[in-house]
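S.K.: Following this message is one structure expressed as structure tokens.
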Amino acid sequence: MNFLTHVLHLAGSGAFAYYSAAQIRDSKTRPNILAGFQLAESGSVPFLSALSDRAAAEGDTWLAEKLAKHASDETRHGKIFAHALQQLNKQVIDFKAQPQTTSTKKSQQRSPFFAAFFEGYTQEQLKPAVIDWDVFMASTYILELDASKDFARMAKALPDNESTARNLKLGMLSIAQDETGHAAYLYEAMMRRMSATEVQKLVDMWRTRKVNALLAMVGGILQRNGETRSLVQDSAPSEIDSELVAT
């Protein structure tokens, strides 16, 4: 990674850290960011499960087991965020149940972040049955590594004088640990396939893509004046236990 990319990485990461911390600290915007995390974490499960099946079919039992564990972790993460929303009497909107309009179809298009991150790749090329293993491993390694730091930062930004926030903090710190583990196995998977020099070159390339994606995301936020589409709706008052299980 060259010096300019490094500087842009620090700037982009800093901007995202500030934005996400402010969003989750504010009780008014917290539900929406939690909903986004729930959708992202739960939404990755079918993809990871399909990759696990593919790895097993290709005879790589080690990778298949790691991917299966990864999928299981993401399922748990989705439940943590869903639980946190329930404690706020909120739930994720079921967009599939809503009538399809021009505006909803447009909102469901690939986000500016992922459009920039996977620039040059079609949706078809990124499906679990055909995605290049190097592309999956390196891109996901970057995302998981950064997510581990992001979740830890956001957890620290949560107030300590609210019981629901304290429970969420424990859950997010647990998620951060899982993401660190995911990054570790993905790095090991790359090292099993290529030399350290090749791994570093691949990681640097996807780090550059992540920097460009962050800049695209920040640009999108600025264009919308910080406004984001609502992902949550009111739910029935929750009677579930107030403790958020992080194990």
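The values are calculated or read from the model by the stated rules, or taken from the named source; none is laboratory data. All of these numbers come straight from a predicted model, not from anything done at the bench. Virtual Cβ from ideal backbone geometry, glycine too; neighbours counted across all protein chains shown.
S.K.: Of all helices (runs of 4 or more DSSP H) completely enclosed by segment 114-225, which ones contain at least 3 residues that are acidic (Asp, Glu)?
M.R.: 133-157, 163-193
S.K.: Please enumerate the residues belonging to segment 159-211 that are charged (D, E, K, R) and within 19 Å of Ala71 (Cα to Cα).
M.R.: Asp178, Glu179, Glu188
S.K.: Report yes if some residue within segment 154-167 is within 25 Å of Leu48 (Cα to Cα) and out of contact with any Ser or Thr (no Cβ under 6 Å at 6 or more places or on another chain); otherwise report no.
M.R.: No; the residues of segment 154-167 include none that is within 25 Å of Leu48 (Cα to Cα) and out of contact with any Ser or Thr (no Cβ under 6 Å at 6 or more places or on another chain).
S.K.: Report every pair of residues separated by at least 6 positions or lying on different chains whose Cβ atoms are under 6 Å apart, first residue within segment 41-53 and closer than 14 Å to Met137 by Cα and surrounded by 18 or more Cβ atoms within 10 Å (Cβ to Cβ), second at pLDDT below 95 and among the small types (Gly, Ala, Ser).
M.R.: none
S.K.: From the residues in segment 127-152 that are under 20 Å from Val199 (Cβ atoms), of a type in the set (Asp, Glu) and in contact (Cβ under 8 Å) with a residue 24 or more places away in the chain, which one is surrounded by the fewest Cβ atoms within 10 Å (Cβ to Cβ)?
M.R.: Asp134
S.K.: Identify, please: which residue in segment 24-41 is farther than 14 Å from His83 by Cα and aliphatic (A, V, I, L, M) and is, among those, modelled with the highest pLDDT?
M.R.: Ala40
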